[in-house]
Structures are given as structure tokens and as C-alpha cells.
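Worksheet: one structure, shown below.
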Amino acid sequence: MTAAISLATQVGTVSLANPIMPASGTFDYHSSPRPPFDIHRLGALVLKSITWNPQKGNPPPRLAETPSGLINSIGIPSPGMERFLGEVLPHYTVLNIPLVASVAGYTPDEYARIAAELNSIAAVTAVELNLSCPNIAYHHMPAQDPALLKECVAAARSETTKPLWAKLSPDVPSVGAMAAAAEASGADACTVINTAQAMMVNIETGRLMIGAGMGGLSGPALLPIALAAVWDVTLHTRIPVIGVGGIRSADDVIAFLMAGASAVQIGTASFYNPSVMVQILQDLNTFMARKHFHSLTEIIGMAHGAEIQEVR
Ligand SMILES: Cc1cc2nc3c(=O)[nH]c(=O)nc-3n(C[C@H](O)[C@H](O)[C@H](O)COP(=O)(O)O)c2cc1C
């Protein structure tokens, strides 16, 4: 008899049935009449980032396609905390699947206030701090300023006992160094990475293709950059990593796991194929069977060799 294959994984204390989650801001169940696939099969749902105060987001156009990725400058339209709790979250809490709430802020105090509100909500399994949105008007982006990043993570940490995931930017000299700062301030895991700053010019009109000017690049072009960032973070910290950037297939997921990620998030690929995450789950099983793997622990960190697998 062949042993069963398990796709279960751990992100610190968070147990997931499998490593597949939608990336924040790219999966909006509550405003769709019904989900495009059986979302109960995903490891967790990561919700759109919320801000304390309501905000509209950036001027259109907010999206531009490039040959190997999408530029977005959505700017985090948010209903604000009160309406999020009353009108958005209830659509998700009934789903009986681990929920990861994503928090965006302009000051450490805003991260702290939202983290405090979420702390009492049992259905929220973990809190992801979006420290790295390239599309909102920070004075400084926390993920690019180690002192500010530490303040934001520590402020949220002081207000919640929930697992805290720090979402980092690729637009820094060392994502690993920023991850180490997040770890030192109480982050339980790092989500690596957000979009990379990017722009496109429409040569017919001579204008920029994004209303706000700059945007963030996601999709296939981001994958090798994200992999390198995951690798860097595993070398600088001892906390788990959630890999995100350009994933379109089970092969991509496996590359992230082998680089050291314990789980992954998928964004842009869902716009092109809404059921891609479910397809990836099937293909992951096929890969495991073909290679005679039974558990993801055999794969996670494999590309590092034996020594790193011991510390994870
Ligand atoms: C339209 C769009 C909206 C996004 N909104 C958010 C957001 O609200 N919060 C966040 O942390 N990341 C946001 N992101 C970034 C994604 O979560 C993810 O980090 C990035 O897209 C890279 O993954 P991908 O290449 O699989 O899309 C957004 C990305 C896109 C394309």
C-alpha cells in the first residue's frame, strides 16, 4: 500500500491544510455573487488590506499590462475599519477557513489600532502587516525604512496575540535585512514579496499608462526576484516565509517551497485563470506522487541542503 500524500504545512503556529492562499488584494469573494471555485479547498484566505479610515484609492487608470506582468496602482481603496468589521468580514467568517486579515497604515499607531480591533475576532487566524504597498502616499514606506518598519511591527505586536506576518518589499538592498528587523520586532513570519515599483509609457499618447504615475509590477516577471528574496530571508531569519510573486503553476510553488517558503500566495495568475489555485493543488499532488514525496516537509528548504532544513 502506498503512503498517503499530505499537503499540510505550518507557518509557525498556524496549521494550514495546504500551502495555497490568494495574495492580498487579488481575491474578492464578498462582492462576487458566488466564488468561482470551491474556496474551502485553499489553505487560507488572505483578505484585501484595510486602513483605519475609509479611503478611495488612486485615480484611474489603475492597471496596465506589460509583456510579462501587470502594473497596478490601486492605492488600497478601503471601507475603513468600522465598515470592514460590520460589512466585509462577516462574509468571510462564515466560510470556516483560516482567514488572514491584511493591515495597511500610514503610522505605527494605525497598525496598532487595527491589530487591536482584530485581536478579539476569533475567525481571524493571523494578521498580515502590509508594510510595502508601493501605491499609497507614505512619507516613507515602512518596508524601506528599518526604523519605521520596526516601529510598525512592534506597535502591532503590542496589541495582538495573533500570529503577525510582515509583508516586505523587493525594492530594498536586502529583503533579508528587513526581515531580520521584522523578526526582532516580533513578527512571526514574513510574506515575501509585494509588487516592485514600475511604470509604463503609452507611446501613442506620450502619457504614462497609470493614473498615479508609478505602480507595482506583479506576475511572471516578479517570480525570480521573489525567489531570491525568499532565499535571502531564510538566510537572515529563523521565522517562516510565505512566498509570493509571479506564481502560475505547481512547478512555481515547488520552486518557492524548495527555496525555503513554508506556504505561498497567488495573485495575478488568478486574474487570467480564476480557478488556477485549485488546479495547482491537483498538480501539486501529481508532482508529489511522481517524485515519491509524502509530506511538504521533504521539500521545504530542499534547495538549501541539509543544514537549513534542520532550523525550520
Ligand atoms: C490588483 C492588485 C491589488 C493588490 N492589492 C494588495 C493589497 O491590498 N495588499 C497587499 O498586501 N498586496 C496587494 N497586492 C500585491 C499582491 O498581494 C502580491 O504581493 C503581488 O501581486 C505579487 O504576487 P503575484 O505576482 O502573484 O500577483 C495587490 C496586487 C494586485 C495585482
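Summary of computed values
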item: Table column - 3J(HN,Hα) (Hz), the range 171-180, Karplus curve with 6.51, -1.76, 1.60, x for Gly and Pro; result: 8, 9, x, 9, 5, x, 5, 5, 5, 5
item: Cβ-based exposure ranking for Glu204, Glu183, in which fewest neighbours within 10 Å come first; result: Glu204, Glu183
item: Least to most buried among Arg248, Arg207 (fewest other Cβ within 10 Å first); result: Arg207, Arg248
item: For Thr195, Thr205, Thr286, order by how many other beta-carbon atoms lie within 10 Å, fewest first; result: Thr205, Thr286, Thr195
item: Count of Lys pairs (Cα-Cα under 26 Å; at least 8 positions apart or interchain) in the chain; result: 7
item: Relative contact order (%) - the range 176-216, alpha-carbon pairs under 8 angstrom, separation at least six; result: 30
item: Cut-off under 5 Å, modelled amide H: who pairs with Gly25 long-range; result: Lys48, Ser49
item: Theoretical gain in end-to-end length, Ser174 to Val94 [0.36 nm per residue, Cα-Cα removed]; result: 24.8 nm
item: Relative packing of 148-159, 78-89, which averages over residues the other C-beta atoms within 10 Å, highest first; result: 148-159, 78-89
item: Charge dipole (the range 158-312, unit charges on Cβ, about Cα centre) - positive-most of Ala189, Val233, Thr268; result: Thr268
item: Radius 15 Å from Cβ of Phe271, net charge of other residues (Lys, Arg +1; Asp, Glu -1); result: +1
item: Residue-wise HN-Hα coupling along the range 65-82, computed from phi with Karplus coefficients 6.51, -1.76, 1.60 (Hz; x: Gly, Pro); result: 8, 10, x, 9, x, 10, 9, 10, 9, 6, x, 6, x, 9, x, x, 4, 4
item: Residues of the range 89-104 with amide N under 15 Å of the 7 Å Cα→Cβ point at Asp28; result: 89
item: Simple spin-label estimate for Gln197 and Thr107 in nanometres, 7 Å along Cα-Cβ; result: 2.4
item: The chain: calculated mean residue ellipticity at 222 nm from DSSP helix runs of at least 4, using -39500 (n - 2.57); result: -8500 deg cm²/dmol
item: Normalised contact order of the chain, rounded percent, pairs of Cα under 8 Å and 6 or more residues apart; result: 20
item: Estimated distance in nm for a label pair at Asn273 and Asn119, the labels positioned 7 Å out from Cα along Cα-to-Cβ; result: 4.3
item: Chain lengthening between Glu65 and Ala8 when straightened (0.36 nm per residue, less Cα-Cα); result: 17.1 nm
item: Shape call, the range 102-250: gyration tensor on alpha carbons, a/c limit 1.5; result: prolate
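Throughout, read-outs are computed from the coordinates displayed, never taken from laboratory work. From a predicted model like this one, the values you see are computed outputs, not experimental measurements. Using ideal geometry, Cβ is built from the backbone for each residue, glycine included, and neighbour counts are taken over all protein chains shown.
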